[in-house]
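Worksheet: one structure, shown below.
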Ligand code: 3PG
């Protein structure tokens, strides 16, 4: 019979009695050279062992296997050795999530800057939205074909459940891009920081969910802050404002459908987002053609090229590539963290986007406007605390 025994140096008391079971156990412990440290348990003087916490049997496995038959662990000792490993793996996980978050925010800042540069020179948000989805889809198709990424195993049911998610993603994406074509990037993101309020309202009124009063209270600064930022926005535009609001509503629905659609599915976050891009591209293309159309696109393209020069093409490529990359990383983070941590990360992301875009585009901001943004963002933190 073999077993492993873990001991902590910490001191509480394990009393080994003279019962037959314990005698057998003790003699077996000391016959195992692998037992370390080997306690002299056969010495009657030493039968009262002092170890950290009471022992418990944590596993019983088949005799004659190399694996332990009895694994006796002192409770504290059980933690003592793995604690080091656990702390290390916990630290590694935190580092991984930290890297994901930093990458997600950085990619998002770059996307927002190039997206706005493109929209300033070429105000066709339906086409730029389509291009970013097309670019992501192409990148993933190449990755699957060259086996850089594993091709997801999907069936009809998967695509069926993905469809409402893709519709919501398409609407949210186009609406945000239309918004950014009409107002400052910072303003779109201030309004988008109100997404938790939409999440609560949709869950409450469409799904019948209830929340503790603290959650409802946290909506007051979110809604109040967004309202203050909106009424004091120097370059307010109703289409821009409504675009951000529609995007909030659509993304809340997307998250609800995503959660339902992903239950029990084994597609990774990266591949899930890739499939979402492909389906959204199919949905969006006919609408983009109908709303803007090739004639407008061609005329605008010539104008933008003549004003900006060939680097305009790089801007378009950059906004498309970075759009896919930041979304892909955000879905990869969602694989690792809870939706709540994700929403806190998303709020932090908006702060980086708001600050960097104000600096880069020299966006005029009144102190009262900044106060509104700060209150709204503080509200999202209070919301996450209340939900936690
Ligand atoms: C988009 O174009 O889809 C939006 O900019 C997305 O915004 P978000 O990912 O910051 O919510």
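Which of 201, 206 comes first, and how do the rest follow, when ranked by fewest Cβ neighbours within 10 Å?
206, 201
Can you pull a Stokes-Einstein diffusion coefficient for the range 164-269 at 20 °C (1.002 mPa s), Rh from Kirkwood over Cα pairs, as a whole number of µm²/s?
Details: Rh = 14.6 Å.
This corresponds to a translational diffusion coefficient of 146 µm²/s.
What is the distance in Å between the Cα centroid of the range 352-388 and that of the range 186-229?
If you average the Cα positions of each part, the centres end up 14 Å apart.
Need one number: nm distance between label points at residue 299 and residue 204, each 7 Å from Cα along Cα→Cβ, rounded to one decimal.
The two pseudo-label positions are separated by 4.7 nm.
Starting from 0.36 nm per residue, how many nanometres of slack lie between residue 337 and residue 359 once their C-alpha separation is accounted for?
That works out to 4.8 nm of additional length.
Determine the distance separating the Cα centre of the range 280-304 from the Cα centre of the range 81-112; give it in Å without decimals.
Cα centres, the range 280-304 to the range 81-112: 39 Å.
Between residue 231 and residue 155, what FRET efficiency comes out of the Förster formula 1/(1 + (r/R0)^6) with R0 = 45 Å and r the beta carbon distance, rounded to 0.05?
Plugging the Cβ-Cβ distance into 1/(1 + (r/R0)^6) gives 0.35.
Assuming R0 = 41 Å, can you tell me the calculated FRET efficiency for the pair residue 348 and residue 314, based on Cβ-Cβ distance, to the nearest 0.05?
Efficiency computed from Cβ-Cβ geometry: 0.90.
Two decimals, Cα atoms only, Kirkwood Rh: what is Rg/Rh over the range 97-387?
Radius of gyration relative to Kirkwood radius: 0.96.
Fewest Cβ neighbours within 10 Å first, please rank 232, 380 accordingly.
In increasing order of surrounding Cβ atoms, one gets 232, 380.
Determine, for 163, 111, the number of other Cβ atoms within 10 Å of each Cβ, and report the residues in order from fewest to most.
Taking fewest neighbouring Cβ atoms as first place, the list is 163, 111.
Run the simple label-point estimate for residue 144 and residue 285 please: 7 Å along Cα→C-beta, distance reported in nm.
1.5 nm
Every number here is computed from the coordinates shown, using simple stated rules; none is lab data. Owing to the predicted nature of the structure, the values given are computational and were not obtained by experimental measurement. Note that each Cβ is placed from the backbone with ideal geometry, even for glycine, and that neighbours are counted across all protein chains shown.
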